[in-house]
Amino acid sequence: MANGVLVASYATYGTAGHQWYACISSVVILLLLWACATAVLRSARWRLPRGMTLFAAAIFLAVFCFGSVNTYKTFFWPASSVSHTLPPVLAAAATIPALLATSRRGKTAAVVSALALGAVLGTLSEETSLIALTLLVLTLLLGRRLFPAGRITFARNWCAAAAAGILIGTAVLLTSPGSRNRRTRHHADSMFAPESLLAALRGYAHILHTLATSWQYLGVIAAGVVIGIFIRRHDGGVPRPDHRAPLLIASGTAAFLLSGYLCTVIAYPAFGPSVATSNRLWNDFIFLLLLVLAGIGCLLGNATVRLCRPCMKPVAVGAALACVGLTALFAASLHTLEAEMRVRAKAWDTQDHLLKKKAAGGATVLPYTPLVISKMSEPFGNKGKRVWPASCVATYYKVNKIIDGRILQSDTRTSLRLRGRRSTTWSAKPRTVEKTPTSTYSPGLSQ
């Protein structure tokens, strides 16, 4: 239901809603990341120079949204962003009330909000819900080692409420008619079969290899190094990590590996082997990976300040330049993508206007020319085996069906060439020969 509400928030405005979604969602994500970072600093009683928190949030946003191997699908395509890019950020933002709660009333409000936001998350994204549950269970198991005695009861209550909310929302989702139909159509009951689990593991290994060889994620480590160098306690001292720091990194890494595989398992029945290349599905657990990398960067920056103060400035400058250079590379890649999007948008507008005009004129069958960008699904794709996009387009234009416009164009060009040859032959004949009446061939040309 939450997913439907978010889809309606942009789909209600038609093409304009799709166009503006990326801009609005990026601002929302940036503000939520900034709020999360600020809440963590306040909870830990640390401080940063003015603007540094926003800088770190902006770098995190850039890597998360634009560091993908297919930025169009993960960020500019609203349907993917609503299901896989925005949910993990919302899940992280759900911790803000807990981080800021100090009074009894504030703690009660945080627990209630955890229950409510968990239920919303459960009806928003299955993958993010699975990742959040993994983290909540780990937090409950490691509670005594992660929280001081005065906070452990509140932490457990908050985690239990959040988990309960997610389970309630997931139950609503899984028992809905649409979800049942989809599971039946994709034979989702087979996801726990040994061969399916093994195939999902192979796909996940391919995903991990892709992530391990993606250099752009190092930008989050660089941003973490900058934060680790400049972070201070409120008394001006350099904070010293305790035993919880390596535990957080290790548990976060374990949660990423486990939940990432589980997300691949539940997606495999619908996507099959292509789950290893459908990178829009990865953002749910990539967000957790980036958090772990940012934590590692913070520890490295903090260690630089404590163990090698003369190295502090060169390392800070180098890390900051790495962040700037990374954003410049993102800007260059986005410039190329922008050009491709403009070309496609112009072609789409032209075709859309023509098809709507024909549909309004009473046509029940329309020729549609696929306009592929960034491996998006288009009608007549996969050598005609993928039939559902064509039915969606037919529904959109309110006609019975669509046919492949490329074949029609090819037939038209062939017909024109043949007519051109006949025309040459006719023009070579003496003028005394009776001309072919215009009415016998002009309709063919207009078609």
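The values are calculated or read from the model by the stated rules, or taken from the named source; none is laboratory data. Every value quoted in this text rests on a predicted model; they were computed, and no experiment measured them. Note: ideal-geometry Cβ built from the backbone for every residue, glycine included; neighbour counts use all protein chains shown. Note: accessible area is taken over every heavy atom of the protein model, side chains too, but ligands, DNA and RNA are not part of it. Shrake-Rupley method; radii C 1.70, N 1.55, O 1.52, S 1.80 Å.
Here are some notes:
- Residue-wise HN-Hα coupling along the range 313-325, computed from phi with Karplus coefficients 6.51, -1.76, 1.60 (Hz; x: Gly, Pro): 5, x, 5, 5, 5, x, 5, 5, 5, 4, 5, 5, x
- In sequence order, calculated HN-Hα J values of the range 393-401 (Karplus, 6.51, -1.76, 1.60; Hz; x Gly/Pro): 5, 4, 5, 4, 8, 6, 10, 6, 6
- Principal-axis tilt of helix 104-122 within the chain, Cα atoms, nearest 10 degrees: 30 degrees
- For the residues 18, 353, a 1.4 Å probe over the protein chains yields an accessible-area ranking, largest first, of 353, 18.
- For the chain, with all protein chains in place and a probe radius of 1.4 Å, 65% of the accessible heavy-atom surface sits on carbon or sulfur.
- Across all Cα pairs in the range 109-254, the calculated P(r) in 5 Å bins from zero up to the longest distance comes to 2, 8, 10, 13, 15, 17, 15, 11, 5, 2, 1, 1, 0 percent per bin.
- Based on alpha-carbon atoms, the Kirkwood radius and the radius of gyration of the range 160-201 give Rg/Rh equal to 1.12.
- Between helix 149-174 and the chain there is an angle of about 20 degrees, using the helix long axis and the longest principal axis of the Cα atoms.
- Gyration tensor (alpha-carbon) shape descriptor, the range 45-104, a/c threshold 1.5: oblate
- Semi-axis lengths, largest first, of the ellipsoid equivalent to the range 256-303 are 29, 9, 6 Å, with √(5λ) applied to each eigenvalue of the Cα gyration tensor.
- Distant-in-sequence amide contacts of residue 232, defined by a placed amide H-H separation under 5 Å and a gap of 5 or more residues or a different chain, comprise 47.
- Over the range 28-154, relative contact order from alpha-carbon pairs under 8 Å, at least 6 apart, %: 23 percent
- Relative contact order of the chain: 16 percent, from C-alpha pairs under 8 Å at least 6 residues apart in sequence.
- Residue-normalised accessible area of the chain, expressed per residue, 1.4 Å probe, Å²: 56 Å²
- Residue of 146, 136, 408 that the Gaussian network model of the chain assigns the largest fluctuation, springs spanning Cα pairs under 10 Å: 408
- For the range 1-148, diffusion coefficient by Stokes-Einstein and Kirkwood Rh (Cα), 37 °C, 0.692 mPa s, µm²/s: 196 µm²/s
- Annotation for the range 1-50 versus the range 143-161: alpha-carbon center distance of 28 Å.
- Compactness relative to 2.2 N^0.38 Å, alpha carbon Rg of the range 283-420: 1.81
- Residue among 260, 377, 61 farthest towards the positive dipole end of the chain, charges placed on Cβ: 377
- Viscosity 1.002 mPa s, 20 °C: Kirkwood-radius Stokes-Einstein D of the chain over Cα pairs, µm²/s: 85 µm²/s
- The C-alpha atoms of the range 352-405 occupy a region whose extents along the principal axes are 32, 18, 16 Å, arranged from largest to smallest.
- Peptide packing: for 116-126, 305-315, the average count of neighbouring Cβ atoms within 10 Å per residue gives the ranking 116-126, 305-315, highest mean first.
- Considering only 94, 223, 193, the mean-square fluctuation computed in a Gaussian network model of the chain, springs between alpha carbons under 10 angstrom, is largest for 193.
- Of all lysines in the structure, the ones whose alpha carbon falls short of 19 Å from that of residue 375, not counting any fewer than 8 places away in one chain, are 73, 346, 383, 385.
- Principal-axis tilt of helix 2-11 within the chain, Cα atoms, nearest 10 degrees: 50 degrees
- The range 329-363 and the range 377-407 have Cα centres spaced 17 Å apart.
- Within the listed set 61, 115, 337, the residue fluctuating most in the Gaussian network model of the chain (springs between alpha-carbon atoms under 10 angstrom) is 337.
- A simple charge model with +1 on the Cβ of Lys and Arg, -1 on the Cβ of Asp and Glu and nothing else charged puts the dipole of the range 117-251 at about 300 debye relative to its Cα centre.
- With the Kirkwood sum run over all distinct C-alpha pairs, the range 288-337 has a hydrodynamic radius of 12.5 Å.
- Each of 181, 94, 77 was placed along the dipole of the range 73-186 (beta-carbon charges, centred on the mean Cα), and the one lying farthest toward the positive end is 94.
- For the chain, the Cys residues with no second cysteine's beta carbon closer than 4.7 Å are 23, 36, 65, 159, 263, 298, 323, 392.
- Placing +1 on each Lys and Arg Cβ and -1 on each Asp and Glu Cβ, with no other charges, gives the chain a dipole about its Cα centre of roughly 580 debye.
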